[in-house]
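Right, one structure below, let's go through it.
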Amino acid sequence: MKLLKLTLENFRVFHGVQELDLEVTDGKPAVLVFGMNGAGKTTLLNAFGWALYGTFSDDVEYQERVINDHAWSQTAFGTQATASVRLVFEHEGRRFHVLRSVSTVKNDEEQRELPSQLSVTEVGQDGESRQAVNGQDRIEKILPRELRQFFFFNGERMERMFAGERTEEVKQAIKTLMGLEEIERAIEVHLPKASAKLARQVEKGGDTRLQKLVAERKELEASILAVHNQLLELSKTAAGYEREVDAADKALRSNDKAAPLARQRVKLEERRRDLLSRRDKRFGDRKAVLAKSSFLAFTGGLDAQVLDLADGMRQRRELPAGIQRDFIDGLLEDNTCMCGRDLPTGSEARKALEERRYNAGLADVQTRWMYLAGKAADLANARTELLDQLRGCAQDIEDLKQEIDAVDIELSDIARQLEGVDVMDVRKLEERRKEFDRKRIEALQRRHEAENQLPNLQEQLDTNKLRFHGAERADAESRRIQSQVALVDEVLEAFLKIRDLKTEEVRRALDTKVKDVFARICIKPFTPAITPTFSLQLVNDSFGAAAARSTGENQILGLSFVGAVSELAKEIDDLKQGGGDETLGGGGIYPVVMDAPFGNLDVVYQDDIAEALPKLTSQIVALLSQSQSRGQVLDHLGAAASRMYVLRSYTTHHNSAEQTITIHGRSYPYVSHGEFDHTALEEVTF
């Protein structure tokens, strides 16, 4: 997918027709757009998403006001007002013109939420164009809605992509990107339909026992599906509450009265997460030690008893003496020496051999005794070491628990202080934060309870299938249905294994790439990891536990993930085009459009990310403020830019000073006085 042009007409802050040429040249994959806060960078970012999917991101205020305010105010009552976004892009040799618009007759001063109209025109390689019958479906086959978060996003908020309860969404989106949705559809739709059809045949008549098993299976499958749906809803609910908590935190940090306490709380919460991570690691260490060596705790005294018994056997020469004595026993039994002479009873030769037998292997006995004594001593040492390790784990866990309790006391104290601030807004914000945090915790608890139901339900379902497959049937029709159900279950099991194997394959590949991209940017001794549940963790290499992540590190982590996803999608597309792995579909080459790529990062990180951004994918559109485009940042990005634009803000506040922005030594209008408030796109020549 290659973006070519974005055209806005009376779309939110953009008045009239504004065009953004997005074509890039080889070696210069970037398009840079500079704008002050409030100029329309977030609107521009959302213009892509709105054109493709008809929705805005959650952080857009007044989503019903699609038509530019000035254009709306100038529209006479009873006449029509319109706003639109046109996006032109190429994909797999075809050009697509996507036009989404809203249009209404003005009957009120305020805008109402309006349905949008979508038109998608596809131009083939032969130059012929045709209207897509189902335009939305065509768009989502190229870039599924679930993938929007990876390629069109706000850099300052991208860490929310990996917030605890959104990991399932990320996992599902990755499956979509890598073409696993066909397998998912077979598992979740096609095979269950086949099972339901066969179940109806059983229910129509025939064997009563099979009918009961089918009815039981349907109930169990319905229960499992209900639990999965409940888990999904609870995840969304918890994620929503988490966003509300974040919003309240941000508002508190921006309030003069509450800011010091709010910032202190952020630091304490980061420390609490760090302590919890270290505590969990010590729990894991203790579990590993017990799994490997817990038997040693039950060997106390046994080693001494074994040594006493063995010493008595040694003195009585009852310990095994090796092959030499066995060999002599064989000669005496045969009454023949190895040289061929006879060994009659009472002969001198036989007496000599018997004496030799008595003394044979004494050195071997001594060696075995020393080996056994040494091993017994090792056992005692290992038992002592086990106890020391367990005591160390217990002490560390207790120390960390006390530190966590101390932090909790401080957090509670901060909450009380914020609730007691003599400013109504602060009190309301803190009450709001506290309430949403309580609801978030409740949702997580309900999710945990629901998760605990699944193993038992799945075990019952597996047992039901075994009973159905193994049931003895007399009539031919019942045996036929039974064998068909068994075949469907075998196919389902095979698809589940393929899905799990491919998902794990993709996860490992992403994990490797995330580590590589992150290492190019982050200067701290941290290593990212994608867990089996597709959550994104950061491990502190110093002590092997999860690191307490700052906002900046979260942003670097998110960028690393986006870069890894882009690289892997391209590799899968290359493999597919070259006739490689046919199991995986998906893949592709996608652009990245991001607002505020640097957030509040330190200057060092800004420079490193500016250098890394152009390497993320073959096309990147970066929306930047003036503060984020200075020094080496602009040098790195400017060198990779095919085009640059300025969002020129026009303001009716004529008492405020006009501003310019300097790009590569030249000044361009940035804020200008105007007859009405709006934003215009102006290309920079360089």
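Check region 449-468 and report whether any residue there is free of Cβ contacts under 8 Å to residues at least 24 places away in the same chain, in contact with a helix residue (DSSP H, G or I) (Cβ under 8 Å, 6 or more places away or on another chain) and not polar (S, T, N, Q).
no
Could you list, in sequence order, all residues of region 423-445 that are closer than 28 Å to residue 221 by Cβ and surrounded by fewer than 16 Cβ atoms within 10 Å (Cβ to Cβ)?
Scanning region 423-445 gives a single hit, 445.
Just checking, does region 28-46 include any residue being part of a loop (DSSP other than H, G, I, E, B), at pLDDT 90 or above, in contact with a strand residue (DSSP E or B) (Cβ under 7 Å, 6 or more places away or on another chain) and surrounded by fewer than 16 Cβ atoms within 10 Å (Cβ to Cβ)?
No, that holds for no residue.
If I filter region 106-135 down to residues being open to solvent by 90 Å² or more (accessible area, probe 1.4 Å) and among the charged types (D, E, K, R), which single residue comes out as nearest to the chain's Cα centre (by Cα)?
The residue in question is 113.
Conditions tested, residue by residue: (1) hydrophobic (A, V, I, L, M, F, W, C); (2) more than 22 Å from residue 17 (Cβ to Cβ).
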| position | (1), (2) |
| --- | --- |
| 55 | no, yes |
| 66 | yes, no |
| 79 | no, no |
| 83 | yes, no |
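Checking the condition acidic (Asp, Glu), within 30 Å of residue 234 (Cα to Cα) and at pLDDT 85 or above, which residue from 419, 451, 403 passes?
Matching residue, one of 419, 451, 403: 451.
From the residues in region 114-153 that are part of a helix (DSSP H, G or I) and of a type in the set (Phe, Trp, Tyr), which one is nearest to residue 514 (Cα to Cα)?
150
Could you please find all residues in region 469-498 being within 13 Å of residue 201 (Cβ to Cβ) and free of Cβ contacts under 8 Å to residues at least 60 places away in the same chain?
Within region 469-498, 479, 480, 483 qualify.
State yes or no: is residue 472 out of contact with any Lys or Arg (no Cβ under 7 Å at 6 or more places or on another chain), charged (D, E, K, R) and part of a helix (DSSP H, G or I)?
Spelling it out, it is not the case that residue 472 is out of contact with any Lys or Arg (no Cβ under 7 Å at 6 or more places or on another chain), charged (D, E, K, R) and part of a helix (DSSP H, G or I).
When the residues of region 475-510 are narrowed to those that are assigned to a helix (DSSP H, G or I) and of a type in the set (Asp, Glu), which ends up farthest from residue 567 (Cα to Cα)?
477
Considering only region 554-567, I want to know if a residue exists there that is at pLDDT 80 or above, of a type outside the set (Gly, Ala, Ser) and closer than 22 Å to residue 39 by Cα.
The answer is no, given that none of the residues of region 554-567 is at pLDDT 80 or above, of a type outside the set (Gly, Ala, Ser) and closer than 22 Å to residue 39 by Cα.
Give the residues of region 55-74 that are buried (at least 16 other Cβ atoms within 10 Å of the Cβ) and in contact (Cβ under 8 Å) with a residue 24 or more places away in the chain, sorted by residue number.
57, 65, 66, 67, 68, 69, 70, 71, 72
For region 212-245, which residues satisfy the criterion of being in contact (Cβ under 8 Å) with a residue 12 or more places away in the chain, more than 29 Å from residue 535 (Cβ to Cβ) and of a type in the set (Asp, Glu)?
216
Kindly provide the set of residues from region 75-92 that are farther than 21 Å from residue 6 by Cβ, open to solvent by 40 Å² or more (accessible area, probe 1.4 Å) and assigned to a loop (DSSP other than H, G, I, E, B), ordered by number.
Once the filter is applied, which keeps residues that are farther than 21 Å from residue 6 by Cβ, open to solvent by 40 Å² or more (accessible area, probe 1.4 Å) and assigned to a loop (DSSP other than H, G, I, E, B), region 75-92 yields 76, 77, 78, 79.
Suppose we filter 595, 573 for residues that are at pLDDT 65 or above and touching a strand residue (DSSP E or B) at 6+ places or on another chain (Cβ under 6 Å); which single one remains?
595
The values are calculated or read from the model by the stated rules, or taken from the named source; none is laboratory data. Bear in mind that the values here come from a model prediction, so they are computed numbers and not experimental data. All Cβ positions, glycine included, derive from the backbone under ideal geometry; neighbour counts span all protein chains shown. Note: areas computed on protein heavy atoms with side chains; ligands, DNA, RNA excluded. Shrake-Rupley method; radii C 1.70, N 1.55, O 1.52, S 1.80 Å.
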